[in-house]
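Below is one structure, written out as structure tokens; the observations come after it.
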Amino acid sequence: MNEKVVAMLLAGGQGSRLKSLTYDIAKPAIPYGGKYRIIDFPLSNCTNSGISTVGVLTQYQPHALHRYIGLGTPWDLDRHKGGVTMLPPYAEIDGIKWYAGTASAIYQNINFLTSCEPDYVVILSGDHIYKMDYEKLVEYHKEKQADVTVSVLEVPWEEASRFGIVNTDEDMNIVEFDEKPEKPKSNLASMGVYVFDWEKLERYLEEDNSIEESTHDFGKDILPKMLADQQKMVAYPFKGYWKDVGTVDSLWEANMDLLDPSAGLVLHDPAWRIYSSNPQLPPQVITETGRVQGSMVNEGCVISGTVSHSVIFQNVLVEQGAVVEDSVVMSGTKIGRGAHLNRVIVPPDITVPENYRLLDPVEGITLLTQDLIDSWKESGQQ
Amino acid sequence: MTLMAAVDASVKVAGLQDLTIHRSVSSIPFAGRYRLIDFALSNIVNADINSVGIFASPPFASLIDHIGVGKSWDLDRRKEGLFFLPTTHQNGGIATVGSFHDFEEHIQFFEKSRQTHVVVTSSFVVGQLDYKEMLAHHLASGKDITEAVGAGGSLKSYILSRRLMLELIRSHREKRILSVEDLVNLKKAPYSYGVYEYKGYFAIIDSIQQYFKESLGLLDENNRRLLFLPQAPIYTKVKDEPPTRYLDGSNVSNSMMANGSTILGNVKNSIISRAVTIGINANLDSCIIMQKCTIEENCELAYVIADKDVYIEKGVKLIGTADRPFVLRKGERVTKEDFQ
């Protein structure tokens, strides 16, 4: 890419439906896939797409994210020119400006963008799991001579009403946005990934900021306004795995997808590595009594029990006689002897006591908490 | 009193030839995800030593690739940090640790340092030597040179003052001493020699038999607990491999597994390195498989060491013994026809 592309990664989301997992970290910092955090995916996509200037916009519980990303070294984003810049809300002479919406978050960092002198700005969301070549997206944007390009994904028709649906003509020109339509006219859902010509983006952000009744959101305000002004707006059809992990169930599903080759997300891909901050841990050990089937296990684990169809993060101990099935066990956890977990997400650093049982939950997936364990202990079930 | 470190990565170890055709002893893979030098380097940085010279002789491409600027060991510093100090001599590297000839070539490393004492260490001893404790012991003993000793044998680590080091480098020819190890073995006058007793886990990797035995020795939980201390991590170059996948039908027991591998077959009593693929119905017992190897389906391997990038085609049967493990050299491709 000869022209300069800058990525702005929206990472301020709370993800309140993920309950205790996001009490003290933002949604993009949620652990995923045995060793990653969700934000590793868009960050690695940037690196693999040759985008080396990335702004990360944080707001909700930013500390874990700031510390995690640091100088951006794991993603090769510790650069003299560009690199990663963390962009939390800041105070100005006329007060502190929180990010009210996705567009206002970008608007308030217009000085940062100006200093980057971009030709194109790619807007990304920090809470989606997918592998995407943004270079191809920008090339498409240029080819189509668009003012803005919206990346879209075909979703099953029956689920289309849960998404922001994009209606296009036969040349992929966007003619209409339908936010969560009752009767969708298309099944192309917006992924929240946009490419803008910088001049257009700057102009529309300034304009939007002056409109008091605006919610300052790309999907609700900026794009409809640009459409009304007959700016050239095209849809880029993305093909491949894409998942928004908004709930405990969908986080579990996204992890289980890694165990199912037909789900389409391959992490063992030297051509498109997902980079992550790597703790220095010894290899995993499966002991004499350990048995692991259809699972992924990370470094530092010692497995002496039975693990089946599960994703096991670093530094997990599964003691002899413990059984972990269809579950996600996050780092630093100990599963005591005789414990039995089925369809559970175990958050980091929890000790599951001996003989603790959490089986066949009535509905959905159980997010284990210390409270659940404490009340089990109090009830004297052991 | 402060320490600097000189790591001898050029020492020649005759018994490891099959594994050192393309690399020095210091960069032989060990314990699934490490290179031998990681242990010495980690011991050094865990003792807060941040002036570290690595004395290397060819072939050292693999060592340079591994060490880089020392980032993984936090040795990429403005002040001091890591110095890669290769010998310019064609046949660099001798059979004992701490060659004064090599040190002399880079005498500035010692001259310019602000530290008072020097640790000289090999790169083929695996352990958790505490150089802070060893320095305290050295100072209290009043001896000129202290040697680390475990279970009665030398651990090839030495502490001496920087002043004495410089004196020895400048006078080694007339004194007819080759190396620090040589000097300590000969106990030449007028110097005094002390011993620091190390009680923890250690492994000396100076032959294929030792390599094999000590590698599989890590399957003993006690050894692992003594080597992998949470407060003194072993650092290595980071590789960004995903977690290892165990597919349905695989069966792994009593084995150490690095990340990035895909296991469909049966593995027991083995060490499997990064990004290895083990096919359906392959049976591995007491094997050491290094990174990026592929073992196709229906292979039968016991007491085999497969170096990096070895490809074993389906149905191959290779059975070594604990004393004479079957060694496949780096990049070898093995078919059924090769061993009939």
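The values are calculated or read from the model by the stated rules, or taken from the named source; none is laboratory data. No experiment lies behind these values; they were computed from the predicted model shown. All Cβ positions, glycine included, derive from the backbone under ideal geometry; neighbour counts span all protein chains shown. These area figures cover heavy atoms from the full protein model, side chains too; ligands, DNA and RNA do not enter into them. Shrake-Rupley method; radii C 1.70, N 1.55, O 1.52, S 1.80 Å.
Would you mind estimating how fast the range A:96-229 diffuses translationally, via Stokes-Einstein at 10 °C and 1.306 mPa s with the Kirkwood radius over Cα pairs, in µm²/s?
Values: Rh = 15.6 Å.
Translational D for this selection: 102 µm²/s.
Tell me, what is the percent relative contact order of chain A, built from C-alpha pairs under 8 Å that lie six or more residues apart?
Value for chain A: 14 percent.
What ratio of Cα Rg to 2.2 N^0.38 Å holds for chain B?
On the way: Rg = 20.9 Å, N = 340, 2.2 N^0.38 = 20.2 Å.
Ratio of Cα Rg to 2.2 N^0.38 Å: 1.04.
Under the definition of Cα pairs under 8 Å and six or more residues apart, what whole-number percent is the relative contact order of chain B?
It rounds to 15 percent for chain B.
Show A:D78, A:D349 ordered by accessible area, largest first, where the area counts protein heavy atoms only and the probe is 1.4 Å.
Output order, biggest surface exposure first: A:D349, A:D78.
Quick one: pull the percentage of alpha-carbon pairs in the range A:234-375 with a separation above 24 Å.
On the way: 3254 of 10011 pairs.
Pairs farther apart than 24 Å: 33 percent.
Pull out a ≥ b ≥ c, the square roots of the eigenvalues of the alpha-carbon gyration tensor of the range B:7-146, then state rounded if a/c is under 1.5, prolate if not and a/b is larger than b/c, and oblate in the remaining case.
Since a/c stays below 1.5, the shape of the range B:7-146 is classed as rounded.
Would you compute, from DSSP H runs of 4+ residues alone, the mean residue ellipticity of chain A at 222 nm, taking -39500 (n - 2.57) per run and dividing by the full residue count, rounded to the nearest 500?
Here the helix-only value at 222 nm equals -5500 deg cm²/dmol.
Cα centroids of the range B:69-139 and the range B:192-239: how far apart, whole angstrom?
For the range B:69-139 versus the range B:192-239, the Cα centre distance is 19 Å.
What FRET efficiency comes out for A:I93 versus A:E354 if R0 is 45 angstrom and r is the Cβ-Cβ distance? Round to the nearest 0.05.
Plugging the Cβ-Cβ distance into 1/(1 + (r/R0)^6) gives 0.15.
Please compute the per residue accessible area over the protein assembly as shown with all protein chains in place, 1.4 Å probe, rounded to a whole number of Å². Walk me through the numbers before you get to the answer.
Working: 30140 Å² over 722 residues.
For the protein assembly as shown, the per-residue accessible area is 42 Å².
Which net charge results when you count Lys and Arg as +1 and Asp and Glu as -1 among the other residues whose beta-carbon is under 13 Å from that of B:A56?
On the way: positive: B:K12, B:R23, B:R35; negative: B:D8, B:D65, B:D102, B:E105.
Around B:A56, the charge tally is -1.
Roll a 1.4 Å probe over the protein heavy atoms and report the accessible area of A:S186 in Å², nearest 10.
Surface open to solvent at A:S186 totals about 20 Å².
Starting from the Cα coordinates of the range A:1-126, work out the convex hull volume and express it per residue in Å³.
On the way: hull volume 14.0 nm³, N = 126.
In the range A:1-126, the Cα convex hull volume per residue is 111 Å³.
Over the range B:134-273, calculate the relative contact order: mean separation of alpha carbon pairs under 8 Å at least 6 apart, over the residue count, as a percent. Don't skip to the end; give the middle numbers.
Values: 158 pairs, mean separation 25.4, N = 140.
18 percent.
Rg (Å, one decimal) plus Dmax (Å, integer) for the alpha carbons of the range B:201-272?
Every Cα atom of the range B:201-272 included, Rg and Dmax give 14.0, 39 Å.
Residues of the range B:211-235 with amide nitrogen under 19 Å from the 7 Å Cα-to-Cβ point of B:T321?
Label zone hits: B:211-214, B:216.
Rounded to the nearest 20 debye, what is the charge dipole size of the range A:5-259 about its Cα centre when +1 sits on each Lys and Arg Cβ and -1 on each Asp and Glu Cβ?
900 debye
If the convex hull of the alpha-carbon atoms of the range A:204-309 is projected onto planes in all directions, what is the mean projected area in square nanometres? Please report the intermediate quantities before stating the final value.
Numbers: hull surface 46.7 nm².
Dividing the Cα hull surface by four gives the mean projection, 11.7 nm².
Could you give me the radius of gyration and the Dmax of the range B:245-334, taking only the C-alpha atoms into account and expressing both in angstrom?
Cα-based Rg and Dmax for the range B:245-334 come out at 11.2, 34 Å.
Quick check on the range B:84-212: take the gyration tensor over C-alpha atoms, sort the square-rooted eigenvalues as a ≥ b ≥ c, and tell me if it's rounded (a/c under 1.5), prolate or oblate. Write down the numbers at each step before the final one.
Numbers: a/c = 1.58, a/b = 1.14, b/c = 1.39.
Judged from the Cα gyration tensor, the range B:84-212 comes out oblate (a/c at least 1.5, b/c at or above a/b).
Give me the net charge of A:N109's neighbourhood, meaning all other residues with Cβ under 15 Å from the Cβ of A:N109; Lys, Arg count +1, Asp, Glu -1.
-4
Hull surface divided by four, with the convex hull built on the Cα atoms of the range A:228-276: how many nm²?
Projected area, direction-averaged: 6.2 nm².
Ignoring everything except DSSP H segments at least 4 long, calculate the 222 nm mean residue ellipticity for chain B; use -39,500 (n - 2.57) per segment, divide by total residues, nearest 500.
Taking each H run of at least 4 residues, the total per residue is -6500 deg cm²/dmol.
Please calculate the 1.4 Å probe accessible area of B:V327, with all protein chains present, and give it to the nearest 10 Å².
Approximately 30 Å² for this residue.
Summarise the partner chain shielding of B:218-229 as one whole number: the mean count of Cβ atoms from other chains within 10 Å of each residue's Cβ.
2
Net charge around A:G192, counting only other residues with Cβ within less than 11 Å of its Cβ (Lys, Arg = +1; Asp, Glu = -1)?
Neighbourhood net charge equals -3.
Whole angstrom only: what separates the Cα centroid of the range A:163-196 from the Cα centroid of the range A:300-359?
Measuring centre to centre over Cα atoms gives 42 Å.
Dipole of chain B, Cα-centred, from +1 at each Lys and Arg C-beta and -1 at each Asp and Glu C-beta, to the nearest 20 debye?
Value, rounded to 20: 640 debye.
Over the whole of A:265-276, what's the average partner chain Cβ count within 10 Å per residue? Rounded to a whole number, please.
Other-chain Cβ atoms within 10 Å of each residue's Cβ, averaged: 3.
log10 I(q)/I(0), Debye, Cα-only chain A, no solvent, q = 0.07, 0.10, 0.15 Å⁻¹?
-0.35, -0.68, -1.32
Nothing charged except the Cβ atoms of Lys and Arg (+1) and of Asp and Glu (-1): what's the magnitude of the dipole of the protein assembly as shown about its Cα centre? Round to the nearest 20 debye.
3040 debye
Using a Cα-Cα cut-off of under 21 Å, which lysines could be cross-linked to A:K200, ignoring same-chain neighbours fewer than 8 residues away?
A:K4, A:K136, A:K142, A:K144, A:K220, A:K225, A:K232
Rounded to whole Å and ordered largest first, report the semi-axes of the equivalent ellipsoid of the protein assembly as shown derived from its Cα gyration tensor (root of 5λ).
One finds semi-axes of 51, 32, 24 Å for the protein assembly as shown.
Per-residue accessible area for B:D18 at 1.4 Å probe radius, Å² rounded to 10?
About 50 Å², rounded to the nearest 10.
With unit charges on the beta carbon (Lys/Arg positive, Asp/Glu negative), name the residue among B:L41, A:N298, A:I365 whose Cα is farthest towards the positive pole of the charge dipole of the protein assembly as shown.
B:L41
Would you list A:M86, A:M132 from the most to the least accessible area, probe 1.4 Å?
Ranked list, largest accessible area first: A:M86, A:M132.
Which residue, chosen from B:I234, B:V252, B:H106, occupies the Cα position most advanced towards the positive end of the dipole of chain B, where the dipole is computed from +1 (Lys, Arg) and -1 (Asp, Glu) charges on Cβ about the Cα centre?
B:H106
At a temperature of 4 °C and a viscosity of 1.567 mPa s, determine how fast the range B:75-121 diffuses translationally according to Stokes-Einstein, using the Kirkwood radius over alpha-carbon pairs as Rh; express D in µm²/s, rounded to the nearest whole number.
106 µm²/s
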